[in-house]
Amino acid sequence: MVREQYTTTTEGTHIERPENQCVYKIGIYGWRKRCLYLFVLLLLIILLVNFGLTIWILKVMWFSPTGMGHLRVTNDGLRLEGESEFLFPLYAKEVHSRVDSSLLLQSTQNVTVNARNSEGEVTGRLKVGPQMVEVQSQQFQINSKEGKSLFTVDEKEAVVGTDRLRVTGPEGALFEHSVETPLVKADPFQELRLESPTRSLSMDAPKGVHFKTHAGKIEALSQMDIIFHSRDGMLVLDAETVCLPKLEQGTRGPAGSSQRLYEICVCPDGKLYLSVAGTATTCPENSHVCL
């Protein structure tokens, strides 16, 4: 501790100062001062470099008060212009394009769109792969721009809501089970064929089945029997000519009675056969055909 002494003197009095007087210097001097200046200069250089890098990054990334680059922050959400690449899944409530352009989703592997519930479980999935398009949902529905259902599929049935279903494949359409439709029609100048290669073909309607052709014929082919059955009505063959070319013919009658006229005979089981016409019926004479 330094003790300071104060002496009061009068004018004309001479006081001798002590020879050994202690002098203290306040501050940093020598190599410490140079190191301090060097450190401050280094911090200033680092600050300028960081400031320059920050300005360069802001300029390169196109930072602005409304967003970054092609990404703009609006009141409705985020607006992204141009092509963008997402390396990880994208979670969004709604994704749509501009009014004057289409929305393109592209991937080197597949494009998958998932819908999840509040618990995070997948409730619907649309997957577009290189070989197939897969839809996983309880119901798949396609609507027109007016909101009319065009096509609906669920676990029980597939419903086509259009006025016409057109199949243009060369092999037609293959149905493993029943088909319900009010009309089956071919294109103009094309044949309509209903075929069952290994099973039976059945057509049922509560008010009747109607076959109609405007410029051709109707042909029914079967390996076994073709049966026309009416419960309460009758079978009507309304035509100018009814031809049964392979109808079995009975034996000829007497030589003088043949005028190349025949009569149609019916067996008890409904079988038809021809018998040479005579002055009276000749069916009993040829009834052996029914045996």
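Listed here are the residues, each with its yes/no results for (1) part of a loop (DSSP other than H, G, I, E, B); (2) modelled with pLDDT under 75; (3) over 60 Å from the mean Cα position of the chain (by Cα).
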residue	(1), (2), (3)
MET1	yes, yes, yes
THR7	yes, yes, yes
GLU11	yes, yes, yes
CYS35	no, no, yes
LEU43	no, no, yes
PHE51	no, no, no
LYS59	no, no, no
PHE86	yes, no, no
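Considering the stretch 185-222, the residues that are among the β-branched types (Val, Ile, Thr) and either open to solvent by 100 Å² or more (accessible area, probe 1.4 Å) or in the same structural domain as VAL167 (by the TED database) (or both) include one that is modelled with the lowest pLDDT, namely THR198. THR112 falls short on exactly one of the conditions (1) modelled with pLDDT under 85; (2) surrounded by 10 or more Cβ atoms within 10 Å (Cβ to Cβ), and that condition is (1).
The values are calculated or read from the model by the stated rules, or taken from the named source; none is laboratory data. On a predicted model such as this, the values are computed, not experimentally measured, just so you know. Glycine also receives a Cβ, built like all others from the backbone with ideal geometry; neighbour counts cover every protein chain displayed. Just so you know, the surface numbers come from the protein's heavy atoms only, side chains and all, with ligands and any DNA or RNA stripped out. Shrake-Rupley method; radii C 1.70, N 1.55, O 1.52, S 1.80 Å.
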